[in-house]
1. Any residue at all in the range 157-169 that's farther than 17 Å from Pro134 by Cβ and among the acidic types (Asp, Glu)?
2. When the residues of the range 265-288 are narrowed to those that are open to solvent by 40 Å² or more (accessible area, probe 1.4 Å) and over 33 Å from the mean Cα position of the chain (by Cα), which ends up nearest to Asp240 (Cα to Cα)?
3. What residue, of Ile75, Ile93, is of a type in the set (A, V, I, L, M) and within 16 Å of ligand 2 (Cβ to nearest atom)?
4. Pairs please, first residue from the range 30-55 and modelled with pLDDT of 95 or more, second anywhere and among the aromatic types (Phe, Trp, Tyr) and within 16 Å of ligand 2 (Cβ to nearest atom), Cβ atoms under 8 Å, 6+ apart in sequence or on different chains.
5. So is Gly206 more than 16 Å from ligand 2 (Cβ to nearest atom), of a type outside the set (A, V, I, L, M), in contact with a helix residue (DSSP H, G or I) (Cβ under 6 Å, 6 or more places away or on another chain) and open to solvent by less than 40 Å² (accessible area, probe 1.4 Å) or not?
6. Test of understanding: among Leu267, Leu275, which residue is among the hydrophobic types (A, V, I, L, M, F, W, C) and either touching a residue at least 12 places away in the same chain (Cβ under 8 Å) or in contact with a strand residue (DSSP E or B) (Cβ under 6 Å, 6 or more places away or on another chain) (or both)?
7. Just the residues that are more than 16 Å from ligand 1 (Cβ to nearest atom), more than 14 Å from Asn139 (Cα to Cα) and of a type in the set (A, V, I, L, M), please, taken from the range 181-202.
Amino acid sequence: MEFLKNHSVPIRRSLLSVPADNRRALEKAPGLDCDGVIYDLEDSVSPEKKAEARDNLANAFSGQDQPQQERIVRINPLESGFAEDDLKLVARIMPDAVALPKVEHVSEIAVVADMLARFAPARPVALWAMIETPKGVLNAASIAADDKGPRCLVVGLNDLRKATGVLPQAGRAYLVPWLMQIMLAGRAHGVDVIDSVFNDFKDDTGFAAECVQGRAMGFSGKMLIHPAQIEMANRHFGPDPESIKEAEAIVALFERPEAQGLNVINLNGKMIERLHFEEAKTLLAQAAMIFARKKSQ
Ligand code: COA
Ligand code: MG
């Protein structure tokens, strides 16, 4: 399939958070099958360990030649007093992206972008925003809309629950409206959106249910806290064999010479439009990229 050569889509089924003060976890991360690693300098690292965590990260990055994963560094909030040193480290190690926590206004992204441009003028680093406060949810649309805004939104429900008093409940009934608001904000502006962590890493049933729900809501993937969650997130957020088969059938149908000029086709009693053709190509490109990565491991 010719189109696969030029079709590149981000794959963010599984983004594992790794506390940067945990050397054992840092050592393990590059060998895990997650699509991305969020190296955390914020909430999982105590104030006394911030400096040590930065040193650990510098060492961890210097030992990685050809990373298979997208590498994101989560810095501390601007007002914490740690962010400047975090960004100086970012300029040295040059990850794929910087995640700014608790973003409430797009101006915060601009401040980080300016600081980074000062510390690392040669090449820009993508910025991501964690949406995890009431104001962050309310302003998600303006945060995503800015053309210098974040490339990805990551939902943080632990902080949002703390700030609002919403209880952790299976099904997340009271959170769904906010989750969908964030989702819509991201999708309206071509910004990727990632679902929140699930704390109980021994509860496979609860985690699977939340992955199914997150996928159905349109999230690209899930932020994770433990390696045991990777396989399931990859399975639920990645293309499954049945949808790959259907996508292949759709592409084959639309690529026939007789389909030229047709916008709708009948596939076994189901209406298939050209937009499904585009979706099918994206899904096959994703599947091909996942397969190629597996082979190179
Ligand atoms: N990244 C990489 N490796 C991890 C990991 C992570 N997030 N969490 C656990 N591991 C490793 C452990 O080092 C251990 O490795 P080993 O057995 O080969 O030595 C293995 O996985 C099993 O870990 P386990 O004993 O089950 O858990 P733990 O007690 O070591 O850690 C947590 C449990 C919750 C403390 C840990 O998973 C963690 O810190 N998660 C991330 C927290 C975080 O980033 N929070 C902020 C975002 S919400
Ligand atoms: Mg948080």
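1. No, because not a single residue in the range 157-169 is farther than 17 Å from Pro134 by Cβ and among the acidic types (Asp, Glu).
2. Checked the range 265-288; the qualifying residue nearest to Asp240 (Cα to Cα) is Asn268.
3. None of the others qualify; the one that does is Ile75.
4. Between residues of the range 30-55 that are modelled with pLDDT of 95 or more and residues that are among the aromatic types (Phe, Trp, Tyr) and within 16 Å of ligand 2 (Cβ to nearest atom), the close pairs are Leu41/Phe82; Pro47/Phe82; Lys50/Phe82.
5. No: the conditions fail for Gly206.
6. Leu267
7. Of everything in the range 181-202, those that are more than 16 Å from ligand 1 (Cβ to nearest atom), more than 14 Å from Asn139 (Cα to Cα) and of a type in the set (A, V, I, L, M) turn out to be Val191, Val193.
Each row is one residue, and each column tells you yes or no for (1) touching a Cys at 6+ places or on another chain (Cβ under 7 Å); (2) buried (at least 24 other Cβ atoms within 10 Å of the Cβ); (3) on the phi > 0 side of the Ramachandran plot; (4) outside any helix (DSSP H, G or I).
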{"position": "Val9", "(1), (2), (3), (4)": "no, no, no, yes"}
{"position": "Arg12", "(1), (2), (3), (4)": "no, no, no, yes"}
{"position": "Asp21", "(1), (2), (3), (4)": "no, no, no, yes"}
{"position": "Leu26", "(1), (2), (3), (4)": "no, no, no, no"}
{"position": "Ala29", "(1), (2), (3), (4)": "no, no, no, no"}
{"position": "Cys34", "(1), (2), (3), (4)": "no, yes, no, yes"}
{"position": "Val37", "(1), (2), (3), (4)": "no, yes, no, yes"}
{"position": "Ser44", "(1), (2), (3), (4)": "no, no, no, yes"}
{"position": "Ala51", "(1), (2), (3), (4)": "no, no, no, no"}
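The values are calculated or read from the model by the stated rules, or taken from the named source; none is laboratory data. Source: prediction; values computed, not measured. Here the Cβ is made from the backbone with ideal geometry for all residues, glycine too, and neighbour counts use every protein chain on show. Heavy atoms of the whole protein, side chains included, go into the accessibility calculation; ligands, DNA and RNA do not. Shrake-Rupley method; radii C 1.70, N 1.55, O 1.52, S 1.80 Å.
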